[in-house]
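Presented below is the structure to which this report refers.
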Amino acid sequence: MPTIIENNSTTDFTPHPAGTFIAVMRDAFFRDRPNPWKGQERGDGTIDERENIREIVLEFLTEEQVKVGDKMLPGFVSYSATPSLADNANLRKFIKGWFPALQDSDLQRFDADKLIGKGAYITVSHNVSKKSGKTWANVVGAMQPPKGSALPPIPADFVRHEDRVKREAEVAQVQAVAATVQPVAEDESDLPF
């Protein structure tokens with residue numbers, strides 16, 4: 001099921017620290033982002049006309065605390081890639097690096113939701129946006145965590161991205177309907193006399 005995400009937030013935050021961390025995967029979802037190559041020539045000579053590019057996002061929770069606004073929250077960081085399992089695809093390389101025992105036959109069709117709750121020893125790096133100057137933290141690699149590693153727990157009240165988007169859409173729909181309802185003035189009555 002496609003999920004479109006638009007980030008309209010301007011909240012300041014401290015990015016997840018760079019380094020290596022024990023983590024647990026807490027969510028997997030698809031998102032579309034604007035195509036930065038739209039209108040440019042591709043390697044095959046055609047023009048890229050796509051408005052958006054589809055990505056799969058694998059979200060990890062670590063025990064690091066990150067400051068968001070005035071709150072300290074459990075740190076999370078994500079890995080995103082084109083949702084392809086082709087032989088040279090970055091997603092395939094990422095998953096095989098994390099689970100080296102997987103066979104090529106295991107990656108003919110892969111349900112990313114099955115990774116939720118799985119532990120990982122992740123490497124996080126920072127990238128600075130050329131446009132905004134903001135620093136973003138991204139997972140660049142994952143391996144199996146050392147045996148006996150304590151994984152960070154996924155909070156019981158955590159809501160998956162897909163469910164959060166559905167709930168926000170439902171709330172927006174209710175608010176839109178409520179905005180069209182005209183209040184009855186105190187001196188007016190529904191009675192015809």
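The values are calculated or read from the model by the stated rules, or taken from the named source; none is laboratory data. Worth saying up front: this structure is predicted, and the values here are computed from it rather than measured. Neighbour counts are summed over all protein chains in view; Cβ atoms, including those assigned to glycine, are modelled from backbone coordinates with ideal geometry. Ligands, DNA and RNA are excluded from the accessible area calculation, which covers all protein heavy atoms including side chains. Shrake-Rupley method; radii C 1.70, N 1.55, O 1.52, S 1.80 Å.
Just to verify a number: what accessible area does SER149 come out at with the full protein assembly present, 1.4 Å probe, Å² rounded to tens?
My reading of the accessible area for SER149 is about 40 Å².
How big is D for the stretch 73-184, in µm² s⁻¹ as a whole number, if Stokes-Einstein is applied with the Kirkwood radius of its Cα pairs at 4 °C and 1.567 mPa s?
Rounded, D is 73 µm²/s.
With the other protein chains left in place, how much accessible area per residue, in square angstrom, belongs to the stretch 28-175 at a 1.4 angstrom probe?
Details: 9680 Å² over 148 residues.
I get 65 Å² per residue for this part.
Could you calculate the FRET efficiency of GLN65 with LEU102 from 1/(1 + (r/R0)^6), where r is the beta carbon distance between them and R0 is 30 Å, rounded to 0.05?
Efficiency, from the Cβ-Cβ distance: 0.35.
Please report the spacing between the Cα centers of the stretch 101-141 and the stretch 42-58 in Å, no decimals.
Cα centroid of the stretch 101-141 versus Cα centroid of the stretch 42-58: 20 Å apart.
Note down the relative contact order for the chain as a percent, whole number, built from C-alpha pairs under 8 angstrom at least six residues apart.
24 percent
Could you pull out the longest piece of the chain with no exposed loop trypsin sites (Lys or Arg not before Pro) in it, calling a site exposed if DSSP puts it outside H, G, I, E, B and it has at most 10 other Cβ atoms within 10 Å? Could the numbers behind the result be given before it?
Numbers: sites that count: ARG42, ARG109, LYS130, LYS131, LYS147.
With a cap of 10 other Cβ atoms within 10 Å, the longest stretch comes to 43-108.
Name the residue from HIS126, PRO83, ILE95 whose Cα lies farthest towards the positive end of the charge dipole of the stretch 57-144, charges +1 on Cβ of Lys and Arg and -1 on Cβ of Asp and Glu.
HIS126
Within the chain, how many lysine pairs that are 8 or more places apart, or on different chains, have C-alpha atoms less than 18 Å apart?
Lysine pair count for the chain: 7.
Full-extension gain between TRP37 and ALA81, please, as 0.36 nm times their residue separation minus the C-alpha to C-alpha distance.
So the chain would gain 14.3 nm between TRP37 and ALA81.
Carbon-plus-sulfur fraction of the accessible area of the chain, 1.4 Å probe, in percent?
Percent of accessible area from carbon and sulfur atoms in the chain: 53.
Could you calculate the contour length gain from LYS118 to GLU51, that is, 0.36 nm times the residue separation minus the distance between their Cα atoms, to one decimal place in nm?
20.7 nm
Once the Cα gyration tensor of the stretch 1-147 is diagonalised, what are the square roots of 5 times its eigenvalues, in whole Å and ordered largest first, as equivalent ellipsoid semi-axes?
After diagonalising the Cα gyration tensor, the semi-axes are 25, 24, 13 Å.
Using a 1.4 Å probe and ignoring any ligands, DNA or RNA, find the accessible area of VAL124 and quote it in Å² to the nearest 10.
10 Å²
Which far-off residues, 5 or more places away or on another chain, put their amide H under 5 Å from the one on ASP27, with H placed in the peptide plane?
Those lying under 5 Å, H to H, from ASP27 are GLU59.
What nm value, rounded to one decimal, do you get for the distance between ASN90 and SER132 when each label is placed 7 Å out toward the C-beta?
According to this spin-label approximation, the distance is 1.8 nm.
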